[in-house]
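A.B. asks: Handing you this structure, nothing more for now.
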Amino acid sequence: MLIIFGTKNVRKTIKRGNFNCPRCNTQRIINLNQNKNYFSLFSIPVIPLRNNGDTLCCNVCKTEYIPNSILDETQYIASTRDIDGKDFAIVAPGKRLLDLILNLTFLILLNFPLAYLADYLPPYFNNKFAWVFLSFWCIYFFIMKLLFKGTIGKKIVGIETISASEGKKISVFKYFIRSIVKVIPFINVVLLFNDKKKACNDFIANTIVKEN
């Protein structure tokens, strides 16, 4: 049976050195590996979904260890620590794209009843119905994040938006600004693949998206 799509773990060696392997009880070459889960097509990794954490692997006995059980703080910094020094995993771009796709799918389905109601709107909206859709989408993002702390897409994927300033909550104004920017076509996707893993609305509202 041909499997067209799925997920695949990809391992990348980011550091190599001589360390004492507890199982071999002697000095061995041990690889520090970064593990990421990818959405795959025909077994080819395409979109990064999440960081699965780091592992140490002995080249001889092939035993895998939790890095901080072997290495000290001067030798190892977790790859799940983002550029600002947070101790939790920042959501990978691929997972955020999946969140966006799920939300857009839900909103497109809701457009059908809205389109049916178009015949009952005043003539003013005849050539401006796209603005009705965009306004509805903006309200959706704003209400879901303000009242339920996340959209349907975020709930399904298992991620949440928090303030980038430690100890501070996201204000109503910032939720509103994020919602407006969210519906601007392509702008979030363009800026999503950066070293801070922030979309345009995150930079503007000073927010980050983390794993639950």
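The values are calculated or read from the model by the stated rules, or taken from the named source; none is laboratory data. Remember, predicted model here, so these are calculated numbers, not experimental data. Neighbour counts run over all protein chains shown; Cβ positions are idealised from the backbone, glycine included.
A.B. asks: Answer yes or no: is there a residue in the range 139-147 that is under 17 Å from Phe88 (Cα atoms) and outside any strand (DSSP E or B).
C.D. replies: no
A.B. asks: Also, I was wondering about something else. Note down all Cβ pairs under 9 Å where the first residue falls in the range 135-154 and is more than 14 Å from Val172 (Cα to Cα) and not assigned by TED's automatic domain parsing to the domain that holds Leu98, the second is modelled with pLDDT under 90 and surrounded by 14 or more Cβ atoms within 10 Å (Cβ to Cβ), and they're at least six residues apart or on different chains.
C.D. replies: If the second residue must be modelled with pLDDT under 90 and surrounded by 14 or more Cβ atoms within 10 Å (Cβ to Cβ), no pairs are left.
A.B. asks: For the range 10-44, name all the residues that are polar (S, T, N, Q) and at pLDDT below 85.
C.D. replies: Matches in the range 10-44: Asn37, Ser40, Ser43.
A.B. asks: Output yes when any residue across the range 148-157 is polar (S, T, N, Q), modelled with pLDDT of 85 or more and buried (at least 16 other Cβ atoms within 10 Å of the Cβ), and no when none is.
C.D. replies: Checking the range 148-157: at least one residue is polar (S, T, N, Q), modelled with pLDDT of 85 or more and buried (at least 16 other Cβ atoms within 10 Å of the Cβ).
A.B. asks: What number of residues within the range 111-145 satisfy the criterion of being surrounded by fewer than 16 Cβ atoms within 10 Å (Cβ to Cβ) and either in contact with a strand residue (DSSP E or B) (Cβ under 8 Å, 6 or more places away or on another chain) or modelled with pLDDT of 85 or more (or both)?
C.D. replies: Residues in the range 111-145 being surrounded by fewer than 16 Cβ atoms within 10 Å (Cβ to Cβ) and either in contact with a strand residue (DSSP E or B) (Cβ under 8 Å, 6 or more places away or on another chain) or modelled with pLDDT of 85 or more (or both): 2 in total.
A.B. asks: Pick out the one residue from Ile101, Ile70, Ile83, Ile108 that is modelled with pLDDT of 75 or more and within 17 Å of the chain's Cα centre (by Cα).
C.D. replies: Selected residue: Ile101, the only one of Ile101, Ile70, Ile83, Ile108 that is modelled with pLDDT of 75 or more and within 17 Å of the chain's Cα centre (by Cα).
A.B. asks: Same structure again: Check the range 181-191 and report whether any residue there is farther than 20 Å from Thr105 by Cα, modelled with pLDDT of 80 or more, of a type in the set (Val, Ile, Thr) and not in a helix (DSSP H, G or I).
C.D. replies: Looking through the range 181-191, none of the residues is farther than 20 Å from Thr105 by Cα, modelled with pLDDT of 80 or more, of a type in the set (Val, Ile, Thr) and not in a helix (DSSP H, G or I).
A.B. asks: Oh, and also: Report, ordered by the first and then the second residue, all pairs with beta carbons closer than 7 Å, sequence separation of six or more or different chains, a first member in the range 59-71 that is without any contact (Cβ under 8 Å) to a residue 60 or more places away in the chain, and a second member that is surrounded by 14 or more Cβ atoms within 10 Å (Cβ to Cβ) and of a type in the set (A, V, I, L, M).
C.D. replies: Partner pairs satisfying both residue conditions: Asn59/Ile30; Glu64/Leu56; Tyr65/Leu56; Pro67/Leu32; Pro67/Leu56; Ile70/Leu56.
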